[in-house]
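Asker: Here's a structure for you.
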Amino acid sequence: MEEENISNLSAPAPAEQKYNFSYNIPKKKSNKTIIVLIIILLMIFLAIGVFFFRSSVPAPVSAPTPSPTAYETPSPSPSPLVRADWSFEVLNGSGTSGLAKKVALKLQALGYPVVKTGNADKQTYAKTEILVKKNLLSRIDSVIADLKDNIKIASIAGELKEGTASARIIIGKDVVE
């Protein structure tokens with residue numbers, strides 16, 4: 001019987017069953033559809049962002065346009081005269097002894113510093129003159145107006161180029177008392 005068992009073992013098996021396996025693999029959505037959806041979502045978020053940004057930024061306030069007035073605009077007032085800001089040299093050009101010292105005392109009584117007194121280069125000045133530092137020429141009129149009751153300054157002789165004083169007064173014969 002052993003032979004029989006062996007023969008049974010070697011005998012061909014019944015016909016093999018064939019299995020038919022079929023899988024339903026879902027089809028992938030096309031990449032184009034996904035890209036279009038992403039773009040649409042981005043546009044929606046962008047529109048929402050712009051709406052909220054515009055509503056949170058205050059609108060610019062336009063300044064009212066000034067209308068011309070019929071009134072004359074006042075000119076800026078000149079800066080007040082501060083006597084201590086000016087310093088003087090007083091030189092006698094009249095030929096009268098001691099006149100520079102007298103004028104210097106008057107200036108000091110008004111509050112002007114006097115840094116030097118002495119004689120001028122000549123003693124024949126007919127009228128009193130003043131020389132002024134270049135940077136103070138625009139303000140000398142207020143000083144002359146302030147001094148008019150004490151010292152008669154006939155003219156501005158020009159620019160003072162040397163010395164430490166703001167201005168130099170050269171006394172002429174018109175001051176002789």
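Asker: Ratio of alpha-carbon Rg to the 2.2 N^0.38 Å globular estimate for the stretch 88-177, to two decimals, please.
Answerer: Against the empirical 2.2 N^0.38 Å value, I get 0.96 for the stretch 88-177.
Asker: Hey, if you put +1 on the Cβ of every Lys and Arg and -1 on every Asp and Glu Cβ in the stretch 83-175, which of 131, 96, 109 ends up farthest toward the positive end of that dipole?
Answerer: With unit charges placed on the Cβ atoms, the residue in question is 96.
All of the numbers you see were taken from the coordinates with simple rules; none came from a lab. Since we're looking at a predicted model, the values are computed, not measured. We place every Cβ from the backbone using ideal geometry, glycine too, and count neighbours over all the protein chains shown.
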